[in-house]
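Enquirer: First, the structure itself, so that you have it in front of you.
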């Protein structure tokens, strides 16, 4: 399995799922593939890259065999999107400790703030090929 352009995300988090839907909408080059952290594909990728289970409290991007997490992942993802989500590239001008502190605060409280599903979303047939099992 190629290990490029893969976004690992919390598949039961409402905020995370909304974010993936935005990425799907603005990923005009069909650059990214996705794997919910609860999937066997995500678990295998996490093991291969020696990522701890708690790393999934962050979005994880595997791009050109390099691992990006938290706001570094957000910035790298934004580089490949069109429209307003490209603005997230501007996060690079905020010092990493500050932006990651804010990220961690939201990630830690994401279920309280945005809710949680009982199971991972099931992508419809038109986008299912972009989701790793």
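Values quoted throughout were computed directly from the atomic coordinates according to the rules given, and no laboratory measurement underlies them. Being a predicted model, the structure only gives us computed values, none of them experimental. Ideal geometry is used to build each Cβ from the backbone, glycine not excepted, and the neighbour counts take in all protein chains shown.
Enquirer: In deg cm²/dmol and to the nearest 500, what is the mean residue ellipticity at 222 nm of the chain if only DSSP H runs of at least 4 residues count, each as -39500 (n - 2.57), divided by the residue total? The partial results should precede the final answer.
Expert: On the way: 5 runs with 49 residues, N = 133.
That calculation yields -10500 deg cm²/dmol at 222 nm.
Enquirer: If you don't mind, there's one more thing I want to ask. If contacts are Cα pairs under 8 angstrom and at least 6 residues apart, what is the relative contact order of the chain in percent? Spell out each step's value before the answer.
Expert: Values: 172 pairs, mean separation 46.8, N = 133.
Reported as a whole number, the value is 35 percent.
Enquirer: What residue among 24, 113, 81 has the largest mean-square fluctuation in a Gaussian network model of the chain, using Cα springs under 10 Å?
Expert: Comparing 24, 113, 81 in a Gaussian network model of the chain, the most mobile one is 113.
Enquirer: Moving to a separate point now. What is the antiparallel percent of DSSP beta bridges lying wholly in the chain, to the nearest 5? It would help to have the intermediate numbers written out before the result.
Expert: On the way: 8 of 13 bridges.
If we restrict to bridges inside the chain, about 60 percent are antiparallel.
Enquirer: Could you check which residue among 14, 109, 54 shows the biggest mean-square fluctuation in a GNM of the chain with a 10 Å Cα cutoff?
Expert: Judging by the Gaussian network model, the answer is 54.
Enquirer: Also, quick follow-up: Determine, for 87, 132, the number of other Cβ atoms within 10 Å of each Cβ, and report the residues in order from fewest to most.
Expert: 87, 132
Enquirer: How are the alpha carbon pair distances in region 6-130 distributed across 10 Å bins from zero to the largest one, expressed in percent?
Expert: P(r) for region 6-130, in whole percents per bin: 12, 45, 38, 4, 0.
Enquirer: Once the principal axes of the Cα atoms of region 48-108 are found, what is the range along each, listed largest first in whole angstroms?
Expert: Extents along the principal axes: 32, 27, 16 Å.
Enquirer: Same structure again: With a 10 Å cut-off between alpha carbons and a GNM built on the chain, which of 20, 94, 56 moves the most?
Expert: Comparing 20, 94, 56 in a Gaussian network model of the chain, the most mobile one is 94.
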